[in-house]
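A short reminder: the numbers here are calculations on the coordinates, not readings from a lab. This one's a predicted model, so the numbers in the text were calculated from it and none came from an experiment. Positions of Cβ are generated from backbone atoms using ideal geometry, with glycine treated the same way; all protein chains shown enter the neighbour counts.
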Amino acid sequence: MRADARRNYDRMVAVAAEVVAEQGAGASLEEIARRAEVGSATLHRHFGGRVALLEAVFESSIEAVCARADELQDYPKPLQALTIWLHDMVGHITTVHGLGPALMMSAERGSQCHQRIRAAGQSLLDRAQKDGSVPADVAISDVLQLLNGITLASDSDTAQADRLVDLVIRGVAPGAS
């Protein structure tokens, strides 16, 4: 990428992060282009559309979530490791305005960001299923969809989100105390 194109790209991502923080994942692409002082065509040439732009904005956030799953791989109790990660994930989504809907949009399209989150959660779920604390028929896609619903229902209320995650865990692993 040429230096000027790279500067435009970086500026569009930075501005998009600001606008999405203000307005959510449905923020106007035209507004983002205007604030970044580029044409709408430039924005579309770099990203192709909303989902790719949102993925660029949230890539570092997703990296942190995936790194947390890696840290929890050696946690002695697999169900607790999964529970900690789910709480971290929902806390992260509720504090990063627009991330939940953006992740669902990326999931619908099979994006790289969603695949990374799915793989991170799957590795923790696999451990909990291997030790028998979570039934084998529980799918990570269902758990992540429940998390998205929790974040949408909680509207940035992390205490309520945490309570709802605990209810999900009780439903997913009814034998756990």
Given 0.36 nm per residue, what is the gain on full extension from ASP131 to ARG163 after removing their alpha carbon distance, in nm? 9.1 nm
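If we sort 79-85, 112-118, 44-50 on the protection proxy, mean other Cβ atoms within 10 Å, highest first, what's the order? Could the numbers behind the result be given before it?
On the way: 79-85: 21.1, 112-118: 18.4, 44-50: 15.3.
The most tightly packed comes first, giving 79-85, 112-118, 44-50.
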Taking Cα atoms, how many degrees apart are the long axis of helix 50-71 and the longest axis of the chain, rounded to 10 and kept between 0 and 90? 40
Rounding to the nearest 10 and keeping the result within 0 to 90°, find how far the Cα-based axis of helix 158-172 lies from the longest principal axis of the chain. 50
Rounded to 10°, Cα long-axis angle of helix 140-154 versus longest principal axis of the chain: 70
Mind checking the full-extension length gain between GLU63 and ARG45? Use 0.36 nm per residue of separation minus the Cα-Cα distance, one decimal, nm. 4.0 nm
Lys, Arg +1 and Asp, Glu -1 on Cβ, resulting dipole of the chain about Cα centre, debye, nearest 20: 400
Dipole check, the chain, charges on Cβ (K,R +1; D,E -1), about Cα centroid: among GLY49, THR151, HIS87 the Cα furthest to the positive pole belongs to GLY49
